[in-house]
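Trainee: Supplied in structure tokens, the structure appears directly below.
The numbers here are math on the coordinates, done by the rules we state, and not lab data. Since the structure is predicted, the reported quantities are computational estimates derived from the model, not experimental observations. Note that each Cβ is placed from the backbone with ideal geometry, even for glycine, and that neighbours are counted across all protein chains shown.
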Amino acid sequence: MDDNQVMSRCLSGEKEAFELIVKKYQANVLFLSWSVLGDEEEARDVTQEAFIQSYLNLNRYDRNRSFKSWLYSIAYKRCLDRKKKERSLKGFLKRFTKELDLNDEGEKREQRLEDSEIFNSLLKKLNKNERTAICLKINEGYSAREISEILNCAESTAWVHIFHAKRKLKELLEEKKDV
């Protein structure tokens, strides 16, 4: 049975027919994802996401194109999204350590903070307004005035949130020398 026949069955409501597509292309999509990401676990996640996304968007599939190419393009785009997110996190961590003025220790801590669980645990120790304010300041480069508009507070209050967030994060990092 060719891909178009399987797609017809899927579009007519036969959910089980999509299993044939998964079995046929799973190894290839995994290999593609792994070759782009270089990480097996990430590649497995992307592979799963690509199949889910393709299934949910079957009605958009152009039968004049190869299903395999369409599926691969979805997987490839998901990989690029992951890489972009990774670069964004690394940039944020670089700005984060610079903003907190960690100087010589900054680069070492930045490398250790790349473990998102550690970084997230630090951010969770801040209250919602502090966390939002510091992330907007560091990641987006927002001014206190812009942050105050988002948080619906006075500009001076936005500065206080930023100040408290920096102070708390520095203290937490000092407590966790092994971070």
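Trainee: Give a residue-ordered list of calculated ³J(HN,Hα) values for the range 64-75 (Karplus: 6.51 cos²θ - 1.76 cosθ + 1.60, θ = phi - 60°; whole Hz; x for Gly, Pro).
Mentor: 7, 9, 6, 4, 4, 5, 4, 4, 4, 5, 5, 4
Trainee: Also, quick follow-up: So what J values fall out for the range 32-40 if you push phi through Karplus, 6.51 cos²θ - 1.76 cosθ + 1.60 with θ = phi - 60°, rounded to Hz, Gly and Pro as x?
Mentor: 4, 4, 5, 5, 7, 8, x, 9, 5
Trainee: Compute, for the range 3-84, the length of the dipole vector about the Cα centre, with Cβ point charges of +1 (Lys, Arg) and -1 (Asp, Glu) only. Units Debye, rounded to 20.
Mentor: Rounded to the nearest 20 debye, it is 340 debye.
Trainee: Counting other C-beta atoms within 10 Å, and keeping those with at most 14, which DSSP coil GluC sites (Glu not before Pro) do you find in the range 2-81?
Mentor: Glu14, Glu16
Trainee: Considering the zone a paramagnetic label at Ser12 would reach in this model (a point 7 Å from Cα along the Cα-to-Cβ line), which residues of the range 62-84 have amide N under 20 Å from it?
Mentor: 62-64, 67
Trainee: Follow-up question, since we're still on this one. Stretch Cys153-Ser73 to full length: gain in nm at 0.36 nm per residue minus the Cα-Cα span?
Mentor: 24.4 nm
Trainee: In whole Hz, what ³J(HN,Hα) sequence does the range 127-132 give by Karplus (6.51, -1.76, 1.60; θ = phi - 60°), x for Gly and Pro?
Mentor: Computed from phi, the couplings for the range 127-132 are 6, 4, 5, 5, 4, 5 Hz.
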